[in-house]
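See below for the structure under consideration.
The values are calculated or read from the model by the stated rules, or taken from the named source; none is laboratory data. Just so you know, these numbers come straight off a predicted model, no measurement behind them. Ideal geometry is used to build each Cβ from the backbone, glycine not excepted, and the neighbour counts take in all protein chains shown. In case anyone asks, the SASA skips ligands and DNA or RNA and just uses the protein heavy atoms, side chains included. Shrake-Rupley method; radii C 1.70, N 1.55, O 1.52, S 1.80 Å.
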Amino acid sequence: MTPAPIQWPAVKALAAAAALLCGAAAPAQGLPPLKVGLMLPATGTYAALGTAIENGFRLHVAEQGGKLGGREITFFKVDDESDPAKATDNVNKLIKRDGVDVVVGSVHSGVALAMARAVKASRTLLIVPNAGADAVTGPMCAPNIFRSSFSNWQPGYAMGQVMAAKGHKKAIAITWKYAAGEEMVRGFREAFEKAGGQVVKELTLPFPNVEFQALLTEIAAARPDAVFSFFAGGGAVKFVKDYAAAGLKKGIPLYGTGFLTDGTLEAQGADAEGVLTTLHYADALDTPRDQAFRLAYAKAYKLQPDVYAVQGYDAAQMLGAGLAAVKGDLNHRDDLIKAIESARIDSPRGAFTLSASHNPVQDIYLRQVVGRENKAVGVASKALADPGRGCRM
Ligand code: PHB
């Protein structure tokens, strides 16, 4: 995957134009800029995902005249490298060294778990713009922790229903061995086995390894009806290409959560054609809201948006909804939290609300790769809410 060029001048120009249009109304007058800490991967297999999230977040801020809830924004950034071992130190750079008001991050579930632990202690507001770790809106849920993306359970569960409905009986699951893959497979297994299917084998390799050959040989020998998979970013590009190159694609259909083919299609080319996935976003949704977003994103960054861009954009929308309710003043913390909890976020994916544990309640689309698009072919699961198991707010 080619890393996305960052075109901040274009976003700045948009911000200036929006500021002119919005006039000088400044409900947050007298308050210093709000410090937003972005903790995202800038290197490694998830680097492009981090860029898309940041692009999306900045696009919404720019559309609001460079402000959220009337308050100017200053950004602080840390490259977390998708490394859970460094995550506590990294998030504390933002919380303790930079004194940020809000942390936005991250992509990797293991990193997000460490971040959730840190903000529980510091009580800093956290908005997770990707990482699906179930515990973040489960046992670790807290008033100051929100997610603009999904729980790992959600797209996995939806795919379990889809594959069972297609008549598949025996499936093999293959993924990286860490929270995201394990939890997506768990969600998949829950729905697939409830509907009479059976997960005959779970194959894993350590994150972010991409030596798939031995595992593909195992799949070929076991001859399941179908394969369910989670990979993302650079790893997903290689997996889809290797699956096709191993000659498996025709005989054993490949399915996955939508990360398998999101933001990756240019690099995967024909090897991804026809693959069915489940996700809370799709290309060509054909709604005015999504079209406007995609146009603005493409104009600002000379790139097509993907699910990660949408999640970043919506993280900014959620923060904006909270700040607007308190005129930018974070001292009214309870009111800010209540406003986010009750917000209806007008997302490019379709409007969503938040569950009691602060995770989006959202439609999960069934998508099929057609050319360079993840085309929505239906809704796999309508208004799917994560069960929020273990959350006591
Ligand atoms: C995760 O680690 O939670 C994760 C990472 C990349 C994705 C989705 C989930 O695309």
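For region 234-334, with the dipole built from +1 on Lys and Arg beta-carbon atoms and -1 on Asp and Glu ones, taken about the Cα centre, which of 245, 322, 307 lies farthest toward the positive end?
245
About the Cα centre of region 188-260, what is the dipole size in debye to 20, counting +1 per Lys and Arg Cβ and -1 per Asp and Glu Cβ, all else neutral?
Once rounded to the nearest 20, the dipole reads 200 debye.
Quote the relative contact order of the chain in percent (integer), defining contacts as alpha-carbon pairs under 8 Å separated by 6+ residues.
About 19 percent, as a whole number.
Only four residue types carry charge here, +1 at the Cβ of Lys and Arg and -1 at the Cβ of Asp and Glu. Report the dipole size of the chain about the Cα centre in Debye, rounded to the nearest 20.
The calculation lands at about 300 debye.
Taking amide H positions as placed 1.01 Å from N in the peptide plane, with prolines and chain starts having none, which residues 5 or more places from residue 106, or on another chain, fall under 5 Å of its amide H?
Excluding prolines and chain starts, which carry no amide H, the hits are 112, 130, 131.
Using alpha-carbon pairs under 8 Å, 6+ residues apart, how would you state the relative contact order of region 172-225 in percent?
For region 172-225, the relative contact order is 46 percent.
Report the relative contact order of region 265-393, percent, no decimals, based on alpha-carbon pairs under 8 angstrom and at least 6 residues apart.
Taking the mean separation of contacting Cα pairs over the length of region 265-393, I get 32 percent.
Taking 0.36 nm per intervening residue step and subtracting the Cα-Cα distance, what contour gain separates residue 217 from residue 382 on full extension?
In short, 55.8 nm is gained.
What is the distance, in nm, between label points placed 7 Å from the Cα along the Cα-to-Cβ direction at residue 295 and at residue 330?
Using points 7 Å along Cα→Cβ, the separation is 3.6 nm.
Any chance you could give the angle, 0 to 90 degrees and rounded to 10, that helix 179-194 forms with the longest Cα principal axis of the chain?
60
Identify all lysines with a Cα-Cα distance to residue 120 below 23 Å; exclude those on the same chain that are fewer than 8 residues away in sequence.
The qualifying lysines are 35, 77, 86, 93, 96, 338.
Less than 28 Å apart at the alpha-carbon level, and either on another chain or at least 8 residues along: which lysines does that give for residue 169?
Partners within reach: 177, 194, 201, 238, 241, 249, 250, 375, 382.
Specify whether the C-alpha gyration tensor of region 181-232 places it in the rounded, prolate or oblate class, a ≥ b ≥ c being the square roots of the eigenvalues: rounded for a/c under 1.5, otherwise prolate if a/b is larger than b/c and oblate if not.
oblate
First select every other residue whose beta carbon is under 9 angstrom from the beta carbon of residue 35; then total the charges, Lys and Arg +1, Asp and Glu -1.
Local charge sum for residue 35: -2.
Once the dipole of region 245-393 is set up with Lys and Arg at +1 and Asp and Glu at -1 on Cβ about the Cα centre, which of 258, 362, 387 lies farthest towards its positive end?
Of the candidates, 387 comes out farthest on the positive side.
Over the chain, what percent of the accessible surface lies on carbon and sulfur atoms, probe 1.4 Å?
54
For the chain, compute the orientation-averaged projected area of the C-alpha convex hull (one quarter of its surface), in nm².
About 17.4 nm², averaged over all directions.
Any idea of the accessible area per residue across the chain, 1.4 Å probe, to the nearest Å²?
Roughly 38 Å² per residue, with all protein chains present.
Provide the net charge surrounding residue 80, with neighbours chosen by a C-beta distance below 14 Å and charges set as Lys +1, Arg +1, Asp -1, Glu -1.
Summing Lys/Arg as +1 and Asp/Glu as -1 gives -2.
I want the antiparallel fraction of DSSP beta bridges within the chain, as a percent rounded to 5.
30
Could you sort 185-196, 285-296, 149-160 so that the peptide with the highest average Cβ count within 10 Å comes first and the rest follow in order?
In descending order of packing, they fall as 149-160, 185-196, 285-296.
According to a simple spin-label model (label point 7 Å from Cα along Cα-to-Cβ), what is the distance in nm between residue 361 and residue 165?
Placing both labels 7 Å along Cα→Cβ, they lie 2.1 nm apart.
With +1 assigned to the C-beta of every Lys and Arg and -1 to the C-beta of every Asp and Glu, and no other charges, what is the dipole magnitude of region 86-236 about the Cα centre in debye, to the nearest 20?
Using Cβ point charges on Lys, Arg, Asp and Glu, region 86-236 gives about 200 debye.
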